[in-house]
Amino acid sequence: MSTIFTMIMNGDIPGTFVHRDEQCAVFMSINPITPGHALVVPVEEIDHWIDASPELSAHLFDVARTVARAQERAFGCEKVGMIIAGYEVPHAHIHLIPTNDMAELTFANAAASVDRSDLEAWAAAITAAL
């Protein structure tokens with residue numbers, strides 16, 4: 001059975017994308033910790049990030065670095081925090097979260113919901129900064 005992330009990448013569920021290639025996609029979190037929170041997700045359904053090949057891992061982190069630089073420019077944040085938790089969805093993914101303080105970097109701050117227009121605006125800001 002496909003994961004929710006695969007369904008998003010296949011277009012079965014709406015997603016707000018900022019990057020896509022043969023190995024991964026980057027789209028906005030629907031439960032953002034801060035504005036601009038994005039997810040880097042491999043196309044391959046890998047449950048635990050340590051099971052990704054070294055080549056895929058390197059690609060995911062290169063894409064994450066590029067997107068994080070764009071998030072810095074788009075949101076004027078001090079740092080872009082990264083979380084790889086792996087419990088909420090059985091499909092490896094990297095959270096990229098624009099932050100100005102360590103206290104912001106917690107799932108306790110995640111929004112229960114957000115307007116699609118906000119996701120689209122944040123994605124447009126990141127895309128423009130890429």
**Q.** Filter result for Ile33 (in a loop (DSSP other than H, G, I, E, B) and under 19 Å from Ala121 (Cα atoms))
**A.** yes
Q | Unmet requirement for Asp62, which otherwise passes all of (1) in a helix (DSSP H, G or I); (2) surrounded by 18 or more Cβ atoms within 10 Å (Cβ to Cβ) | A | (2)
Q.
From the list Glu22, Glu78, Glu45, exactly one residue is surrounded by fewer than 17 Cβ atoms within 10 Å (Cβ to Cβ), touching a Ser or Thr at 6+ places or on another chain (Cβ under 7 Å) and closer than 21 Å to Ile126 by Cα. Which is it?
A. Glu78
Q: Take Pro90 and decide whether it is closer than 20 Å to Ile4 by Cα, modelled with pLDDT of 95 or more, within 11 Å of the chain's Cα centre (by Cα) and not in a strand (DSSP E or B).
A: no
**Q.** Long-range neighbours under 8 Å by Cβ, at least six apart or interchain, first residue closer than 15 Å to Thr34 by Cα within the range 81-97, second surrounded by 14 or more Cβ atoms within 10 Å (Cβ to Cβ) and among the acidic types (Asp, Glu)
**A.** Gly81/Glu104; Ile97/Glu104
Q) Within the range 96-115, can one find any residue that is within 20 Å of Gly11 (Cα to Cα), touching a strand residue (DSSP E or B) at 6+ places or on another chain (Cβ under 9 Å) and of a type outside the set (Gly, Ala, Ser)? A) yes
Q: Please work out which one of (1) touching a Ser or Thr at 6+ places or on another chain (Cβ under 8 Å); (2) under 24 Å from Ala129 (Cα atoms) is the condition Ser57 fails and give its number.
A: (1)
Q) Out of all the residues in the range 98-127, which are part of a helix (DSSP H, G or I), of a type outside the set (Lys, Arg) and in contact (Cβ under 8 Å) with a residue 60 or more places away in the chain? A) Glu104, Phe107, Asn109, Asp118, Leu119, Glu120, Trp122, Ala123, Ala125, Ile126, Thr127
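The values are calculated or read from the model by the stated rules, or taken from the named source; none is laboratory data. Computed from a prediction, not measured in an experiment: that's the story for all the values here. Virtual Cβ from ideal backbone geometry, glycine too; neighbours counted across all protein chains shown.
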